[in-house]
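Taking it in order: structure first as structure tokens, then the write-up.
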Amino acid sequence: MMKKLVSITILLLVAIRAEAQVIRSGELWPDDEGVHINAHGGGVLKYGDTYYWYGEHKAENTSNALVGVTCYSSKDLLHWHNCGVALSVSDEHGHDLERGCILERPKVIYNNVTRKFCMWFHLELKGRGYDAARYGVAVAERPEGPFKFLYSQRADAGTWPIEFGEKELAIVDTLDVANFEQQWTPAWLKAVGEGLFVKRDFQSGQMSRDMTLYVDDDGRAYHIFSSEDNLTLHIAELTADYLHHTGRYTRMAPAGHNEAPAIFKHDDTYWMITSGCTGWEPNEARMFSSTSIWGPWQQHPNPCRGPKAEKTFGGQSTFILKTDAGIIFMADIWRPRHPIDARYIWLPIEFEDSKPVIRWRDEWKPQL
Ligand code: DGJ
């Protein structure tokens with residue numbers, strides 16, 4: 001009996017010691033079973049007094065989705081419990097979520113009216129690389145799922161952005177991808193800015209890759225995603241049930257080449273942090289602000305400070321979490337050759353001269 005008690009105590013102590021006591025960005029982050037958290041490109045939802053962290057399950061040797069979207073729960077943002085797979089890939093041949101597809105950057109928001117948890121994510125169909133450029137939508141009754149997959153598609157087919165009036169449409173009328181033998185010339189970039197690709201994809205729907213979701217104070221929600229060959233971000237309004245686009249959308253930073261959008265609001269100003277487009281390699285974070293979600297957006301210098309600040313500390317933004325105790329910037333340090341070993345960057349956002357600043361910290365603890 002005594003022996004048993006001693007071994008249980010030792011086991012418990014080992015488990016407690018394995019758990020994270022502070023946030024150390026870039027290092028392994030063990031869950032309550034001592035296993036590195038597997039929820040990449042993710043986002044966090046607070047429901048009741050619990051935080052739910054949703055992210056991509058990454059495998060040992062491939063970035064393709066072999067499992068689906070994982071969910072972890074925590075009361076203090078430090079100690080996380082693995083709640084399992086929230087949205088599972090499918091074994092059905094030809095299914096949108098067929099095992100081996102690319103399923104990235106899942107985000108979940110809660111709809112107060114329908115009382116459903118709504119998940120949106122970037123989806124690439126199996127075997128088609130990054131060609132499909134779709135968003136997917138799933139819904140659940142409970143935060144940890146199971147989420148039921150509803151549909152995947154491209155965005156806003158047959159609809160122009162709200163800022164395209166007569167003048168803009170007259171310019172769009174003159175644009176044609178066939179007129180550009182060479183890409184990345186000033187003339188091509190100008191045409192992209194004017195809507196060259198919006199026109200190209202008008203019938204089939206706009207491309208939808210890296211993404212986030214945002215619920216505003218008035219309950220309206222928005223889907224923000226890299227579109228137009230990752231050259232322009234789109235901000236699309238969601239229907240009241242958070243399961244579809246309404247058809248109202250705006251383009252942000254046209255031809256600016258932004259990925260990895262993350263957004264928060266502070267004192268009536270919307271702040272968006274993005275990355276450039278360099279695959280799994282880190283690059284310099286970008287920051288934008290606006291007093292309306294519909295823009296105009298103004299660009300600011302890189303908000304990161306400290307070692308490797310010019311490379312977002314080796315990471316790429318994924319989400320910004322507003323808590324009672326402060327605002328947290330979340331990013332991923334990708335490990336494309338060993339995806340499961342990818343790491344997390346979580347750092348507080350402070351304000352300096354009324355602008356967000358992300359200062360590197362070797363370790364810190366959220367004070368909730
Ligand atoms: C950068 C994106 O931000 C990631 O989510 C992923 O799609 C990689 N590109 C793939 O290279």
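Looking only at segment 336-368, count how many residues are of a type in the set (Asp, Glu) and in contact with a Pro (Cβ under 7 Å, 6 or more places away or on another chain). Result for segment 336-368: 0. Ala325 meets the stated requirement of being away from the ligand (no atom under 16 Å from the Cβ), among the aliphatic types (A, V, I, L, M), closer than 28 Å to Cys118 by Cα and open to solvent by 10 Å² or more (accessible area, probe 1.4 Å).
Okay, residues lined up against (1) at negative phi; (2) open to solvent by less than 50 Å² (accessible area, probe 1.4 Å); (3) out of contact with any Cys (no Cβ under 6 Å at 6 or more places or on another chain); (4) within 16 Å of the ligand (Cβ to nearest atom):
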{"residue": "Phe117", "(1), (2), (3), (4)": "yes, yes, yes, no"}
{"residue": "His122", "(1), (2), (3), (4)": "yes, yes, yes, yes"}
{"residue": "Arg134", "(1), (2), (3), (4)": "yes, no, yes, yes"}
{"residue": "Val137", "(1), (2), (3), (4)": "yes, yes, yes, no"}
{"residue": "Ala155", "(1), (2), (3), (4)": "yes, yes, yes, no"}
{"residue": "Ile162", "(1), (2), (3), (4)": "yes, no, yes, no"}
{"residue": "Ile171", "(1), (2), (3), (4)": "yes, no, yes, no"}
{"residue": "Gln183", "(1), (2), (3), (4)": "yes, no, yes, no"}
{"residue": "Phe197", "(1), (2), (3), (4)": "yes, yes, yes, no"}
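Scan Met330, Met272 and give me the residue that is closer than 27 Å to Pro30 by Cβ and within 15 Å of the chain's Cα centre (by Cα). Give the steps one after another, and end with the answer.
Details: Met272 fails: closer than 27 Å to Pro30 by Cβ.
Result: Met330 is the single residue among Met330, Met272 that is closer than 27 Å to Pro30 by Cβ and within 15 Å of the chain's Cα centre (by Cα).
Pairs meeting the criteria (first residue in segment 175-195 and at pLDDT below 95, second residue among the hydrophobic types (A, V, I, L, M, F, W, C), beta carbons under 6 Å, at least 6 apart or on different chains) are lacking. The residues of segment 253-310 that are more than 21 Å from Ile327 (Cα to Cα), open to solvent by less than 30 Å² (accessible area, probe 1.4 Å) and away from the ligand (no atom under 16 Å from the Cβ), listed by number, are Ala255, Gly295.
Taking segment 138-188 as the region of interest, how many residues are in a loop (DSSP other than H, G, I, E, B) and within 25 Å of Val113 (Cβ to Cβ)?
Of all residues in segment 138-188, those in a loop (DSSP other than H, G, I, E, B) come to 141-147, 154, 156-165, 175-176, 180-185.
Right, trim to within 25 Å of Val113 (Cβ to Cβ) and you get 141-147, 156, 159, 162.
The total comes to 10.
With respect to Ala86, determine if the residue is touching a residue at least 24 places away in the same chain (Cβ under 8 Å), within 16 Å of the ligand (Cβ to nearest atom) and buried (at least 22 other Cβ atoms within 10 Å of the Cβ). No; evaluated as a whole, the condition is false for this residue.
Evaluated against (1) in contact with a Gly (Cβ under 7 Å, 6 or more places away or on another chain); (2) open to solvent by less than 20 Å² (accessible area, probe 1.4 Å), Ser226 falls short on exactly one condition, (1).
The values are calculated or read from the model by the stated rules, or taken from the named source; none is laboratory data. Just so we're clear, the structure is a prediction, and the values are computed from it rather than from any experiment. When we count neighbours, we look across all protein chains shown, and the Cβ atoms used for this are built from the backbone with ideal geometry, even at glycine. Please note that ligands, DNA and RNA were not included when accessible areas were found on the heavy atoms of the full protein model with its side chains. Shrake-Rupley method; radii C 1.70, N 1.55, O 1.52, S 1.80 Å.
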